[in-house]
């Protein structure tokens, strides 16, 4: 898959940025990464509300092998291959993935640890 194909595929969604990532591409909009293109497949961001949609299509999460173990990244699920020729349907799937990525970004913001000076310890009362 090349950049031109991806731009055309996601055209109905709107303008996307396609950047080299790992051995493939990351697809983002408004600074939010919502898709990965790796090993000849497209993986969309997914979460609890959207995973059943992928499961209904018989698709699974992104997996890779490292140090002899199979690793699963449950936040990215494979786009059904039948959709590669259906840009109108891809638009809907991309919107769902973008929403999932947005929710993940908001959740992550809530978990950010504060960096800086630690609070001063108060003397103990005896």
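The values are calculated or read from the model by the stated rules, or taken from the named source; none is laboratory data. The shown structure was predicted, so the numbers you read here are calculated from the model rather than taken from an experiment. Glycine gets a Cβ as well: all are built from the backbone with ideal geometry, and neighbour counts include every protein chain shown.
Couple of notes before you dig in:
- Within region 82-99, the only residue that satisfies the criterion of being under 15 Å from residue 36 (Cα atoms) and at pLDDT below 95 is 84.
- Check on residue 25, free of Cβ contacts under 8 Å to residues at least 40 places away in the same chain, in contact with a strand residue (DSSP E or B) (Cβ under 6 Å, 6 or more places away or on another chain), loosely packed, with under 13 Cβ neighbours inside 10 Å and over 22 Å from residue 103 (Cβ atoms): no
- Qualifying residue in region 27-47 (condition: farther than 23 Å from residue 7 by Cα and modelled with pLDDT of 95 or more): yes
Residue by residue, here is whether (1) buried (at least 16 other Cβ atoms within 10 Å of the Cβ); (2) out of contact with any strand residue (DSSP E or B) (no Cβ under 8 Å at 6 or more places or on another chain); (3) within 26 Å of residue 107 (Cα to Cα) holds:
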| position | (1), (2), (3) |
| --- | --- |
| 7 | no, no, no |
| 10 | yes, no, yes |
| 16 | yes, no, yes |
| 19 | no, no, yes |
| 35 | yes, no, yes |
| 45 | yes, no, yes |
| 58 | no, yes, no |
| 62 | yes, no, yes |
| 66 | no, yes, no |
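- Restricting region 72-94 to residues that are touching a strand residue (DSSP E or B) at 6+ places or on another chain (Cβ under 9 Å) and part of a helix (DSSP H, G or I), the residue that is surrounded by the fewest Cβ atoms within 10 Å (Cβ to Cβ): 81
- When residue 126 is tested against (1) over 16 Å from residue 11 (Cα atoms); (2) modelled with pLDDT of 75 or more; (3) exposed (fewer than 15 other Cβ atoms within 10 Å of the Cβ), just one condition goes unmet, and that condition is (2).
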